[in-house]
Amino acid sequence: DDPGLSLLTSHGFNIATAYINNVPYINPFMSGTLGIGGVNSVPTLALIGTGNSFDTLCLSWQIEINNTNIPYNQPYPTISLLMPVSKPFTKPDFFALNGQRFSSNTNALVLRSYHNYFDTLSGTSNIYFVNIRYDNSSGSTNIAFSGLFDGNIGDSILITKGRFDFKIDAATLN
């Protein structure tokens, strides 16, 4: 039903997609060496320490317009979802987010601007973690997590029908 967007899955396919002002965005496919193989760009999941009673969990990934005919001057290279989390925040706390919904009165959404890479556009977001689980299917221990999100930056940028399905190496979380 959503032209240009990927289906919501929960298999660790490393896909992310959303409409930004009704334009479909995806995380880009990175081709392998000499054009052989390749993967979708993977997210970063980071804990940002703050000086107050909460830290910030930051989930970021690259994005591009889902249209191979568009040149490289796209408006946004990355999107980030920011959630306040209590100190200390641990791996079991991340798994406890499974099935949880977080409303826009606590979360932020940030887009980077291609026109000036150091410009960030900030707004609010809703996040729903559909599934968070261990995945050992590739022989190593990974964390697969999927969810839904939307948000807005003022009245001019609307992010709708966002969905993500990522798999990251469990060893990268500390």
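The values are calculated or read from the model by the stated rules, or taken from the named source; none is laboratory data. What you see is a predicted model, and the numbers here were worked out from it, not measured in a lab. Note: ideal-geometry Cβ built from the backbone for every residue, glycine included; neighbour counts use all protein chains shown. These accessible areas exclude ligands, DNA and RNA; they are computed on the full protein's heavy atoms, side chains included. Shrake-Rupley method; radii C 1.70, N 1.55, O 1.52, S 1.80 Å.
For chymotrypsin sites (Phe, Trp or Tyr not before Pro), the sites in the range 88-174 that DSSP calls loop and that have at most 10 other Cβ atoms within 10 Å are Y117, F118. Taking all pairs of different Cα atoms in the range 99-174, averaging 1/r and flipping that mean, what Kirkwood radius in angstroms comes out? Computed over the range 99-174, the radius equals 14.2 Å.
Neighbours of N22, meaning other residues whose beta-carbon lies under 15 angstrom from its beta-carbon, give a summed charge of -3 when Lys and Arg score +1 and Asp and Glu score -1. Ranking L158, L173 from most to least accessible surface, computed with a 1.4 Å probe over the protein chains only, gives L158, L173. Normalised per residue, the accessible area of the chain is 54 Å², obtained with a 1.4 Å probe and no contribution from ligands, DNA or RNA. Element breakdown for the chain at a 1.4 angstrom probe: carbon and sulfur atoms account for 55% of the accessible area.
For the chain, a crude dipole built from +1 on the beta carbon of Lys and Arg and -1 on the beta carbon of Asp and Glu, taken about the Cα centre, is about 260 debye to the nearest 20. The residues neighbouring K161, those whose beta-carbon lies less than 10 Å from its own, together hold a net charge of -2 under the Lys/Arg +1, Asp/Glu -1 convention. Calculated from the alpha-carbon coordinates, the chain shows an Rg and a Dmax of 16.0, 48 Å respectively.
Only aspartates and glutamates eight or more places from K91 in sequence, or on another chain, were considered; those with a Cα closer than 13 Å are D169.
A dipole drawn for the range 48-174 from +1 and -1 charges on Cβ atoms has a positive end, and of S125, L109, N98 the residue lying farthest that way is N98.
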